[in-house]
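Below is one structure, written out as structure tokens; comments come after it.
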Amino acid sequence: MDLGAGMAAVVTGGASGLGEATARGLAAAGVRVALLDLNEERGKAVAGEIGGVYAQCNVTDVASIEAALKTAREAHGQERICVNCAGIVAGQKTVSRDRKTGDISAHDLAVFARVVDVNLLGSFRVSALSAAGMAGLDPMTADGGRGVIVMTSSIAAEDGQMGQAAYSASKGGVAGMTLPMARDLAREGIRVVSIMPGLFHTPMFDSLSDEVRESLAAGVPFPQRLGDPAEYAALVRHICENDMLNGTAVRLDGALRLAPR
């Protein structure tokens, strides 16, 4: 797939972190980008800086997604690139014991369901609705390619830590549905690839002390640092441009394997 004039993309979670870096990277390549995010102030600011458009979007609500895609398509036309970066994190053990009282409690099921709803179901909702639009387009490659969907899994899908049951389940689901989705959409000429990031310096890490960030970075074999969101964006671009990348989840982690805790 050749990027550039006339190409449209939608990026969920595009107002910050990996999504913002992806939106900026695609825009720099000449793609018309729509940022789908809950953060209106930041979303509009980033969209203005890259010459894109912002659409408020709650990935847990089909009507909200449909409205956001309508806004994006009215501005740029049907997207051929869909990147899912919207996600949340929650840490809680399957069973917890209060250190003071000794009371035992089970994982809050509402918290578990919320993480899965945003990270897993949200990715599928957006991807399916985007793919339905892509399927009606004329092929743009000699192989009949119409578009590409990129989803964000995590290395926690394979080596989740203590307290990450909900997060790992949600991201494992994203990795697990990548191949069947790619097979479902093969006849439509739509590729599906997931990225499994390791530790990246996103706003999530800004609340941590320098000491903690340095400790986390020291655990990465090479390069021994936190990932730069621009490196995630670079992989998104390569996935878009390399038509043989399909139906797989790619680790982007500096050879990091998470310890149990």
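What follows is calculated from the coordinates using simple rules that are stated; it is not laboratory data. Keep in mind that this is a model prediction, so the values were computed, not measured. Here the Cβ positions follow ideal geometry from the backbone for every residue, glycine too, while neighbour counts run over all protein chains shown.
Multiplying the residue separation of Asp228 and Met162 by 0.36 nm and subtracting their alpha-carbon distance yields 21.2 nm. Remark: the Cα gyration tensor places segment 149-229 in the prolate category, a/c being 1.5 or greater and a/b exceeding b/c.
In the calculated pair-distance distribution of the chain, the portion above 34 angstrom amounts to 17 percent of the Cα-Cα pairs. Computed over segment 146-261, relative contact order equals 37 percent, with contacts defined as Cα pairs under 8 Å that lie 6+ residues apart.
A full extension of the chain between Thr141 and Val95 corresponds to an added length of 11.4 nm, given 0.36 nm per residue minus the alpha carbon distance. A simple count of charges around Ala29, restricted to other residues whose Cβ falls under 11 Å of its Cβ and scoring Lys, Arg +1 and Asp, Glu -1, yields +1. In the chain, a dipole from Cβ-located charges (positive for Lys and Arg, negative for Asp and Glu) runs towards its positive end, and of Val236, Ile81, Val192 it is Val192 whose Cα lies farthest in that direction. If I take R0 = 22 Å and measure r between the Cβ atoms of Ala132 and Ala186 in this structure, what FRET efficiency does the formula 1/(1 + (r/R0)^6) give, to the nearest 0.05? Approximately 0.90, to the nearest 0.05.
With a 10 Å radius around each residue's Cβ, average the other Cβ atoms per peptide and rank 90-102, 224-236, highest first.
Per-residue Cβ counts within 10 Å, averaged per peptide and sorted highest first, yield 224-236, 90-102.
For segment 8-252, the relative contact order comes to 20 percent (Cα pairs under 8 Å, sequence separation of at least 6). Net charge in the neighbourhood of Val118 (other residues with Cβ under 14 Å of its Cβ; Lys, Arg +1, Asp, Glu -1) is 0.
If the segment from Thr248 to Leu179 were pulled out straight at 0.36 nm per residue, it would be longer than the present Cα-Cα gap by 24.2 nm.
Relative to the first principal axis of the alpha-carbon coordinates of the chain, what is the inclination of helix 165-185, with its axis defined by its Cα atoms, in degrees from 0 to 90 and to the nearest 10? It is inclined by approximately 20 degrees.
Might you report the magnitude of the Cβ-based charge dipole of segment 8-252 about its Cα centre, with Lys and Arg at +1 and Asp and Glu at -1, to the nearest 20 debye? Walk me through the intermediate numbers first.
On the way: 22 positive and 27 negative charges, 62 e Å.
It comes to approximately 300 debye.
The Rg/Rh ratio for segment 1-79, using Cα coordinates for both the radius of gyration and the Kirkwood hydrodynamic radius, is 0.94. Summing +1 for each Lys or Arg and -1 for each Asp or Glu among the other residues whose beta-carbon sits under 12 angstrom from that of Thr12 gives -2.
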